[in-house]
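The values are calculated or read from the model by the stated rules, or taken from the named source; none is laboratory data. Predicted model, so just to flag it, every value in this text is computed and none were measured. Counting neighbours? That spans all protein chains shown, and the Cβs are built from the backbone with ideal geometry, glycine included.
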Amino acid sequence: MIDEVKDIAEIYEWKYTIHKTHFPKNSFQKSEYNSKLYGISFTPHSSETICLTFLSNGKMCSGANLKYFGNADNYKQYLYMLSSKTQFAGSTTHKIIIHLLKHLNQNIFKILNLKMKETIGKQKTNLFWKKISKRITI
């Protein structure tokens, strides 16, 4: 997944960050996690950063959520909520992002036992993944 997203980011000259690439052994399905992110995040022009990042326990999480909610017991429910606004990126960039996420959903997340759900409302598209299995590797 990291290599595919990196290639797309480089083609479109989007900034990206590769985080850790190897999870600690026997860390999945635990409630505790370390303070590191695993995966890749990228920022299309005029868009918020899109995080395809995970905690050591295998759950998706963004760097901002880890920073602000990672140690806050009262706000743990926000830790695994990811979102990104592409409203100002323009329709072409938005379509590229949607196609990339659909590709990842069909070819990567299916293998990782994640399911992407897309909802289309008035002038907006929402995409999110739901963890449906135990094991995630990148």
For region 47-75, name all the residues that are farther than 22 Å from PRO24 by Cα and surrounded by 12 or more Cβ atoms within 10 Å (Cβ to Cβ).
SER47, GLU48, THR49, ILE50, TYR68, TYR75
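Determine, yes or no, whether SER46 is touching an Asp or Glu at 6+ places or on another chain (Cβ under 8 Å) and farther than 14 Å from GLU32 by Cβ.
Judged against the criteria, SER46 is not a match.
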Is there a residue being free of Cβ contacts under 8 Å to residues at least 60 places away in the same chain, in a loop (DSSP other than H, G, I, E, B) and closer than 16 Å to LEU104 by Cβ anywhere in region 37-44?
yes
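Considering only residues of region 34-45 that are of a type in the set (S, T, N, Q) and surrounded by 13 or more Cβ atoms within 10 Å (Cβ to Cβ), which is modelled with the lowest pLDDT? I'd like the intermediate steps shown before the answer.
Within region 34-45, the subset of a type in the set (S, T, N, Q) is 34-35, 41, 43.
Next cut, surrounded by 13 or more Cβ atoms within 10 Å (Cβ to Cβ) only: 34, 41, 43.
Values: ASN34: 85, SER41: 94, THR43: 95.
Checking each candidate, the answer is ASN34.
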Count of region 4-33 residues which are in a loop (DSSP other than H, G, I, E, B), of a type outside the set (Phe, Trp, Tyr) and either touching a residue at least 40 places away in the same chain (Cβ under 8 Å) or surrounded by 15 or more Cβ atoms within 10 Å (Cβ to Cβ) (or both)
4
Which one of LYS67, LYS76, LYS85, LYS130 is modelled with pLDDT under 85, over 17 Å from PHE23 (Cβ atoms), in a strand (DSSP E or B) and not polar (S, T, N, Q)?
LYS130
